[in-house]
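For reference, the structure is listed below as structure tokens.
The values are calculated or read from the model by the stated rules, or taken from the named source; none is laboratory data. Every value quoted in this text rests on a predicted model; they were computed, and no experiment measured them. When we count neighbours, we look across all protein chains shown, and the Cβ atoms used for this are built from the backbone with ideal geometry, even at glycine.
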Amino acid sequence: MNDTLVIIPTYNEAHNIRRLIDILMFLKPAVDVLIVDDGSPDGTAEVVKEKQSEYAQRIALIERDGKQGLGTAYVEGFKYALAQNYQFICEMDADFSHDPNDLSALINEVKEGRADLAIGSRYCKGISIVNWPLRRLILSYGANLYARIITGLPIKDTTAGFKCIHRKVLDALDLDRIISNGYAFQIEIHFRAWKAGFRLKEVSIIFREREEGVSKMSKSIVREAVWRVWSLKFKSLIGSL
């Protein structure tokens, strides 16, 4: 077993997950992989099981019944990582919008003690996004600006889902108190870690539109993010975070 775990939530990612796992298995520093699959009807879990036989104990799979959401998938993954005594826990998407080769830089920032939570950022050096329509870019950039103003977070990409976290951060957070389930989950993780006194650092990446499948973005996810930042700010002010 390695000391680093990469958690990847999936729903209908059969076209991507085989190639992604193959790349991650040769990453330096070496990592293990946990797939949290929400009952993908396209056979994503079956592809992962094929890869488990190829890469022995380095790939784990949690199969869940139906779409339960990004936030609950990551919380379940975090609990698994802590129970298995991983020291460095990473998040990334399955659709190649996050370049797996950028993961090494995030892991090294935490392993070498420069950060407790290293974030693959689309906005820390201008805007580094490829193939997004203007409407979506404006929505994402505006949402991050909004979240920063309300919460005071000292990072530019508050909704980033590509990161490496030292286990001490997750040990310090009450994972059962994390209630966000869409992209607001990422804001909540960053906010709780920052408020707990941990060091957040952004590392610039190139973010690309997914290569296969369809986006999981929805109006309900946007609505949750809009009001969740106010909830986090209010709880912080009254000491009930």
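Odds and ends about this structure:
- Only one entry of Ala73, Ala30, Ala81 meets the criterion of being assigned to a loop (DSSP other than H, G, I, E, B), among the aliphatic types (A, V, I, L, M) and either within 19 Å of the chain's Cα centre (by Cα) or closer than 19 Å to Ala118 by Cα (or both), and that entry is Ala30.
- Residues being among the basic types (Lys, Arg) and either surrounded by 14 or more Cβ atoms within 10 Å (Cβ to Cβ) or touching a Pro at 6+ places or on another chain (Cβ under 6 Å) (or both) - total across the stretch 126-135: 0
- Counting the residues of the stretch 202-232 that are at pLDDT 70 or above, of a type in the set (Lys, Arg) and surrounded by fewer than 17 Cβ atoms within 10 Å (Cβ to Cβ) gives 2.
- On inspection, Val6 does not qualify as buried (at least 22 other Cβ atoms within 10 Å of the Cβ), farther than 26 Å from Glu112 by Cα and β-branched (Val, Ile, Thr).
- Single residue of the stretch 28-60 satisfying the filter (within 20 Å of Phe162 (Cα to Cα), touching a strand residue (DSSP E or B) at 6+ places or on another chain (Cβ under 9 Å) and surrounded by fewer than 17 Cβ atoms within 10 Å (Cβ to Cβ)) that is modelled with the highest pLDDT: Ala30
- Residue that is more than 29 Å from Gly239 (Cβ to Cβ), surrounded by 14 or more Cβ atoms within 10 Å (Cβ to Cβ) and touching a strand residue (DSSP E or B) at 6+ places or on another chain (Cβ under 7 Å), where the choices are Tyr80, Tyr123, Tyr74: Tyr80
- Boolean, Asp116 is of a type in the set (D, E, K, R), buried (at least 19 other Cβ atoms within 10 Å of the Cβ) and touching a strand residue (DSSP E or B) at 6+ places or on another chain (Cβ under 6 Å): yes
- Pair list, Cβ < 9 Å and 6+ apart or interchain, from the stretch 47-63 residues that are within 18 Å of Tyr11 (Cβ to Cβ) to residues that are of a type in the set (Phe, Trp, Tyr): Ala60/Tyr80; Ile62/Tyr80
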